[in-house]
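To start, the structure itself, in structure tokens.
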Amino acid sequence: MASKRRAKGAGMVYLKHGCYYGRWYTAAGGRANRKLGPARKPGTSQGLTRAQAEKRLREAMSAVA
């Protein structure tokens, strides 16, 4: 079974209140939290999949850096 841990410095994506959020450590040593967007509901095409949320996390991390 593959590990669910991400590489160090890759941040994390989590689900809260029906939306995806991202959290990562900044270069200054602090933690950044950003709302990435609404989670996709089953059977619909609106909202983000987990893969799309991870892509937005990488974009948010590069925008802050």
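No other residue among Ala65, Ala39, Ala27, Ala53 is more than 9 Å from the chain's Cα centre (by Cα) and open to solvent by less than 30 Å² (accessible area, probe 1.4 Å) apart from Ala39. If His17 meets every condition in (1) exposed (fewer than 10 other Cβ atoms within 10 Å of the Cβ); (2) on the phi < 0 side of the Ramachandran plot apart from one, which number is that one? It is condition (2) that His17 fails. Being out of contact with any Asp or Glu (no Cβ under 6 Å at 6 or more places or on another chain) and at pLDDT below 95 is a property that Gly30 has.
The values are calculated or read from the model by the stated rules, or taken from the named source; none is laboratory data. It should be emphasised that the depicted structure is a prediction, and the values quoted were computed from it without experimental measurement. Glycine also receives a Cβ, built like all others from the backbone with ideal geometry; neighbour counts cover every protein chain displayed. SASA here: full protein model, heavy atoms, side chains in, ligands and nucleic acids out. Shrake-Rupley method; radii C 1.70, N 1.55, O 1.52, S 1.80 Å.
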